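Quick notes on the structure that follows.
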Amino acid sequence: MAKKIEIEGLSDDVIEVLNREADRNSLSRNSLLILLVETFSKNVKMLEASQELSAPLADVTQQLNQLTHSITKSNKNISEDFTAMKDALERNNFAVLELVQNVENLMNQLRR
C-alpha cells in the first residue's frame with residue numbers, strides 16, 4: 001500500500017518547473033516528486049553515515065600522525081647512533097694505525 005503525502009503551498013513557479021521537468025523526463029509529477037524525495041533521503045543518509053565515520057577517521061589520522069612522528073624520531077636516533085659508531089670506528093682505526101706505525105718503528109730500530 002502506497003503511503004500518501006500531500007504537498008501544499010508550492011508556488012506557481014515551482015509547479016511550472018515540476019511540470020516542465022516531468023514532461024522533459026517523460027514522468028508524471030508524482031513520479032518526479034518521488035524521485036526527488038528519495039534522492040534527498042539518500043543524500044541525508046549518506047551525510048549521516050559520513051558524519052558517523054568522521055570521528056573514527058579523525059582518530060585513525062591522529063594515530064597515523066603519531067606513528068609517523070615516532071618513526072621519524074626513531075630514524076633520527078638510529079642515524080645518530082650510526083654516526084657515533086662510525087666516529088668510534090674511525091678513532092679506533094686511527095689508534096690501530098698509530099700502533100702499527102709504532103710497531104714498525106720498533107721493528108726498524110731493532111733491525112739496526
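The values are calculated or read from the model by the stated rules, or taken from the named source; none is laboratory data. Everything quoted here is computed from the prediction, not taken from an experiment. Methodologically, a virtual Cβ is constructed for each residue, glycine included, from the backbone with ideal geometry; neighbour enumeration extends over all protein chains shown. The accessibility values were calculated without ligands, DNA or RNA, using every heavy atom of the protein model including side chains. Shrake-Rupley method; radii C 1.70, N 1.55, O 1.52, S 1.80 Å.
Some notes on this structure:
- Per atom type, segment 5-112 shows carbon and sulfur on 58% of its accessible surface, probed at 1.4 Å.
- Selection among Leu99, Ser31, Val14 by position relative to the dipole of the chain gives Leu99 as farthest towards the positive end (Cβ unit charges, Cα centre).
- In a reduced charge model with +1 at each Lys and Arg Cβ and -1 at each Asp and Glu Cβ, the chain shows a dipole moment near 700 debye about its Cα centre.
- Lysine pairs in the chain whose alpha-carbon atoms fall under 23 angstrom of each other, counting only those eight or more residues apart or on distinct chains, come to 6.
- A Gaussian network model of the chain, with springs between Cα atoms under 10 Å, assigns the largest mean-square fluctuation among Ser28, Ser11, Ser74 to Ser11.
- Between Leu99, Leu47, Leu36, the Gaussian network model of the chain with springs among Cα atoms under 10 angstrom shows the greatest mean-square fluctuation at Leu99.
- Once the Cα-Cα distance is subtracted from the 0.36 nm per residue extended length, the Asn65 to Ile5 segment shows a gain of 16.6 nm.
- Between helix 12-24 and the chain: long-axis angle, C-alpha atoms, 0 to 90°, nearest 10: 80 degrees
- Arg24-Met85 pseudo-label distance in nm [points 7 Å out on the Cα-to-Cβ vector]: 7.1 nm
- For the chain: accessible area per residue (Å², 1.4 Å): 94 Å²
- Among Lys42, Lys73, Lys86, the largest mean-square fluctuation in a Gaussian network model of the chain (Cα springs under 10 Å) belongs to Lys86.
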